[in-house]
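The block underneath contains the structure these notes are about, expressed in structure tokens.
The values are calculated or read from the model by the stated rules, or taken from the named source; none is laboratory data. On a predicted model such as this, the values are computed, not experimentally measured, just so you know. Cβ atoms come from the backbone with ideal geometry, glycine included; neighbour counts cover every protein chain shown. These accessible areas exclude ligands, DNA and RNA; they are computed on the full protein's heavy atoms, side chains included. Shrake-Rupley method; radii C 1.70, N 1.55, O 1.52, S 1.80 Å.
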Amino acid sequence: MAEKENSVKLDVLLVRPKAAAMGVFKAIGASQPPVNLLYLATWLNKHGYSAAVFDLEVMPPEKLRRTLETAAPLLVGITGMTTDIPAARELCLLCRELKIRTVIGGAHATALPAETLADVQADHVVIGEGERPLLELVSALKKGGAISSIAGLAFMSEGKPAVNPRGEPLDIDSLPIPDRRLLDKELYSSGYTTPGVPAGGTVMFTSRGCPYRCAFCASQVINGPRARLRAMDKVLREVDEIAALGY
């Protein structure tokens, strides 16, 4: 999250934990920007809520507590793979101490939503694509609405996990271009974990999903068995925007 946002009150702060599995890349100063969280934050901002991103891969953990106390978000969203679950639990416990609600998403939470609720002590779990259920959750929390019917959401109900079925896949061309101004790009200037992406570059997605079933990949867990391609004009517009930002 950029310095200027530290004193801004937020509806949602999206946090990437420091991933234990990425140590080999950190040894050479490499880190990949959390474009997945940028999509979510940009989507929420587009719909009138205030959202920001805090990346513990490149930002100090002591600064996170200060940000949470100052920005006082209604909700903290956490992403993570299976290896990140212990770190996600620590974040949830910190938020509980500060009386901030939590939601966790990503491949692990999608594959094991009921178990994730218990393992990380989160208030909510988002299953699959996060944009729609996260927006509906924030709206319900802000307006005092019910969360029980939100598609793709899991939560505790009467002491037991309730797991709602997913909704229909999004039209990905309805999503805004992720706002890279929400990150300090200098924090990622030394290199990237993605082979072929040079220092000073960034990453972008031209599609979601994949029709193949590689055993090591979580794409089908999140996106299902098909690929959705973005319209070419939107892809080219994003390339122009990236260049204009100095990448």
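Structure notes:
- A helix-only calculation puts the chain at -9500 deg cm²/dmol for mean residue ellipticity at 222 nm, using -39500 (n - 2.57) for each DSSP H run of at least four residues, averaged over all residues.
- Charge tally around GLU136: other residues with Cβ under 14 Å, Lys/Arg +1 each, Asp/Glu -1 each, net 0.
- Percent RCO, i.e. relative contact order, over the chain, from Cα pairs under 8 Å lying at least 6 residues apart: 20
- Estimated FRET transfer efficiency when R0 is 22 angstrom, pair SER174-ALA140 (beta carbons, to 0.05): 0.60
- Taking all protein chains into account, the per residue accessible area for the chain stands at 49 Å² (1.4 Å probe).
- Annotation: amide H of PHE54 within the under-5 Å range of LEU14, VAL15, ARG16, sequence separation 5 or more or interchain, hydrogens built in the peptide plane.
- Subtracting the Cα-Cα distance of LYS99 and LYS46 from 0.36 nm times their residue separation leaves 16.4 nm of extension gain.
- In order along the range 106-120, phi translates into HN-Hα couplings of x, 5, 5, 4, 5, 6, 9, x, 5, 5, 5, 3, 6, 5, 9 Hz, rounded to whole numbers, per the Karplus curve 6.51 cos²θ - 1.76 cosθ + 1.60 with θ = phi - 60° and x for Gly and Pro.
- Those residues of the range 204-237 whose amide nitrogen sits under 15 Å from the label point placed on LEU245, 7 Å along Cα→Cβ: 204-206, 235-237
- Fraction of accessible area attributable to carbon and sulfur, the chain (%, probe 1.4 Å): 58
- Percentage relative contact order, the range 118-226, counting C-alpha pairs under 8 Å, at least six apart: 19
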